Amino acid sequence: MGERDATVNVSQIERFATHDGPGIRTTVFLKGCPLHCPWCANPETQPTSPVMFHDERKCVGCGACAAACPARAISLDDGFAWDRRACVRTPDATSCTLCERACMHEAISFSGELMSVGDVMDVVLRDRDYYENSCGGGMTISGGEPLANRGQALALLEAAKVEGLNTAVETTGNVARSTVEAVEPLVDHFLHDLKHLDDVRLREVTGGDGPLIKSNLTWLLSVAPERVNVRIPVIPGFNHDDATIRSMLDWLAERGCTKVNLLPYHTLGRSKCTRMGKAYEWDEHPLDEADLAAYHAYALELGMESKVGA
C-alpha cells in the first residue's frame with residue numbers, strides 16, 4: 001500500500017486558514033487527543049470516534065432521525081438524545097449517518113471520517129497557488145493532538161513534502177519523544193503549546209504530562225529554535241496571574257525560545273459542546289488583547305518575538 005492509500009482519521013479540513021502558521025494554509029484537523037482541556041475550542045476532536053452535532057435551532061422534532069436509526073441510538077422522548085455507545089459503526093469505524101441523511105432540516109451532522117492520504121492531499125493541493133503567493137503558506141496538521149497517531153502524522157507530512165509544501169504542526173507536546181524526533185525533519189513550523197509549568201495543576205485540569213511536554217519542548221528548542229513558535233493559552237482560573245505567566249516566559253527564554261504567542265481565553269468551544277450534548281466546563285470571562293499587554297511587554301523585554309493572538 002502506497003503512502004497516499006494510508007488512512008487518516010479526519011475531523012475537518014479548513015481551507016484558507018490564516019492563524020495556523022505563516023501565509024494562507026489548509027489545516028487538516030485529526031481526531032484524538034490525550035488531553036481533555038475543559039476550554040478546548042475543538043472538543044469534537046478529543047475522541048477518536050465520530051461525534052454527532054445536533055443543532056436544536058434547526059430541529060423540528062419530526063422524529064425522522066430516530067426512525068432511520070437501525071440501532072435506536074436516538075430518542076426524542078424527553079428532548080433529543082443520542083447514545084454514542086449504541087450508535088452503529090460501519091466496518092471502517094465511521095458512523096452509518098443514516099440519521100444525518102434522514103434529517104431534512106440539516107440539524108444533524110457528524111465530525112470524524114476516515115480518509116485516504118491521497119484524498120486529503122487532493123483537497124490540500126487545490127490551493128497550491130495561494131500557498132506559493134502568501135509568504136510561506138502550506139499545510140498545517142492540527143487536532144486534537146495530530147501527533148497522537150504517529151503513523152497518520154508521518155503519512156500526511158511525507159505526502160506534503162513529496163509535493164514540496166511548507167508544513168506546520170500544532171501540538172501539545174504530550175507525545176512520545178520518538179514521535180517528535182521522527183516528524184522533526186518534515187516540519188517547517190512547530191506551533192507548540194505550553195499551558196503550565198506546575199505539573200500537578202496541569203494534570204489535574206487537563207490530564208497533561210508536564211515533564212514529558214517540557215522535555216519535548218526543550219529538545220525542539222535545542223535542535224530547531226527558529227522553527228518553534230510557543231503558544232501560551234492564558235486561561236482565567238488556571239494560569240492567568242503574573243507569577244505564573246512570567247515564570248513560563250522566563251523558562252522559555254532560558255531555553256532559547258525566540259517566538260511566543262499569547263492566546264487570550266475565549267469560549268468558542270461552548271457552542272460546539274452544546275451541539276454535542278456536552279457541558280462546557282470552564283465558563284470564565286473571555287480575555288482580550290489589553291488583558292495580556294503586560295505579558296507581551298515582558299516577552300519583548302526578554303528578547304523574544306511576541307504576539308497576542310494566533
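Coordinate-derived values only; no laboratory data. Note that the structure is predicted; figures quoted are calculated from it, not measured. As a convention, Cβ positions derive from the backbone with ideal geometry for all residues, glycine included, and neighbour counts pool all protein chains shown.
Charges were assigned to the Cβ only: +1 to each Lys and Arg, -1 to each Asp and Glu. The resulting dipole of the chain about its Cα centre is roughly 580 debye. In the chain, taking the dipole from charged Cβ atoms about the Cα centre, the farthest positive-side position among 310, 138, 263 is held by 138. Taking other Cβ atoms within 10 Å as a rough exposure proxy, 276, 115 sort from fewest to most as 115, 276. From the list [x] 34, 25, 17; [y] 25, 23, 21; [z] 28, 24, 17, can you say which value of semi-axes √(5λ) of the Cα gyration tensor in Å was derived from the structure given? Among [x] 34, 25, 17; [y] 25, 23, 21; [z] 28, 24, 17, the one derived from this structure is [x].
Dimensions of segment 51-111 based on its C-alpha atoms, expressed as ranges along the principal axes with the largest first, amount to 32, 20, 16 Å.
For the chain, the relative contact order works out to 20 percent when only alpha carbon pairs closer than 8 Å and six or more residues apart are counted.
Rounded to the nearest 20, the Cβ-based charge dipole of segment 18-176 about its Cα centre (Lys and Arg +1, Asp and Glu -1) stands at 280 debye. May I ask for the net charge around residue 166, where only other residues with Cβ less than 9 Å from the Cβ of residue 166 are counted and Lys, Arg are +1 while Asp, Glu are -1? Summing Lys/Arg as +1 and Asp/Glu as -1 gives 0.
222 nm [θ] for the chain, helices only, -39500 (n - 2.57) per DSSP H run of 4+, per residue, to 500? Walk me through the intermediate numbers first.
Working: 11 runs with 95 residues, N = 310.
Using -39500 (n - 2.57) per qualifying helix, the result is -8500 deg cm²/dmol.
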